[in-house]
Amino acid sequence: MPKALVFLTNGFEEMETVAPVDFLRRAGVDVTLAAVGLGNDLLATGRNEMVMRADAPLASVAGEAFDLVVVPGGPGHATLRKDDAVLEILRSHAARGARVAAICAGPTVLLSAGLLEGRACTAHFSVAGALTGIRDESVVRDGNIITSRGAGTAHIFALALVEALCGKEAAAEIAASTCLPA
């Protein structure tokens, strides 16, 4: 069973976190929501005041190998950009060929980790100026890096992650079962 790690911190964008976690779990992926910058608390408050519970503190899963690491957007991306453990996890997983994904402002975290040099990507228009190789597309895949634009593309992003880990058939099944075009 593939394994995915999703970072969770205060200020996370709810749709950009929930859609990937939901679709990946529907596909049978073992998803871990890891708390970042919350101290001993596992509860994070999103950009729109929704509270979500992480599965574990980041430190307790930092040494594990994942097939996919996901960076949600929202104002919480600023916390992720400054967290050395987050940046190291992204670098080490990308170096070994695992998929690394980010949505909305999340690609700036990939930038801070040094993963976007010479890569095509997309991001929310509010941070696009900080990135090179930016494309005006809902989802951009460049090798093992997958990026998306924002909350409005969260379901498309989530399907792209399922396809990357579990194949086109699994993504099509989830799209059909949730009434989304594949």
*Each residue of segment 172-180 in order: what ³J(HN,Hα) in whole Hz does its phi give by Karplus 6.51 cos²θ - 1.76 cosθ + 1.60, θ = phi - 60°, with x for Gly and Pro?*
5, 5, 5, 4, 5, 5, 10, 6, 9
*Along segment 5-22, what does the Karplus equation 6.51 cos²θ - 1.76 cosθ + 1.60 (θ = phi - 60°) give for ³J(HN,Hα), rounded to whole Hz, x for Gly and Pro?*
10, 10, 6, 10, 9, 4, x, 5, 7, 4, 4, 6, 9, 5, 4, x, 4, 4
*For the chain, calculate the relative contact order in percent as a whole number, restricting contacts to Cα pairs under 8 Å that are 6 or more residues apart.*
21
*Which percent, nearest 5, of DSSP beta bridges in the chain are antiparallel?*
25
_Helix-only estimate, please: 222 nm mean residue ellipticity of the chain, summing -39500 (n - 2.57) across DSSP H runs of length 4 or more and dividing by its residues, to the nearest 500._
-10000 deg cm²/dmol
*Amide H of Ala105: which non-local residues (sequence gap of 5 or more, or other chain) have their own amide H closer than 5 Å, using H built in the peptide plane?*
Gly73, Gly74, His124
*Arranged by the count of other C-beta atoms within 10 angstrom, fewest first, what order do Met50, Met1 take?*
Met1, Met50
*Tally Lys and Arg at +1 and Asp and Glu at -1 over the other residues with C-beta under 11 Å from the C-beta of Ala113: what net charge comes out?*
-2
*For Lys168, Lys3, what's the fewest-to-most ordering of other Cβ within 10 Å of each Cβ?*
Lys168, Lys3
_Distant-in-sequence amide H partners of Ala54 (H built 1.01 Å from N, under 5 Å)_ = Leu43, Ala44
*Would you order Glu64, Glu14 from fewest to most other beta-carbon atoms within 10 Å of each residue's own beta-carbon?*
Glu64, Glu14
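Every number in this text was worked out from the coordinates using simple rules, so none of it is lab data. None of these values were measured; they are calculated from a predicted model. Quick reminder, even Gly has a Cβ in these numbers, built from the backbone with ideal geometry, and neighbours come from all protein chains shown.
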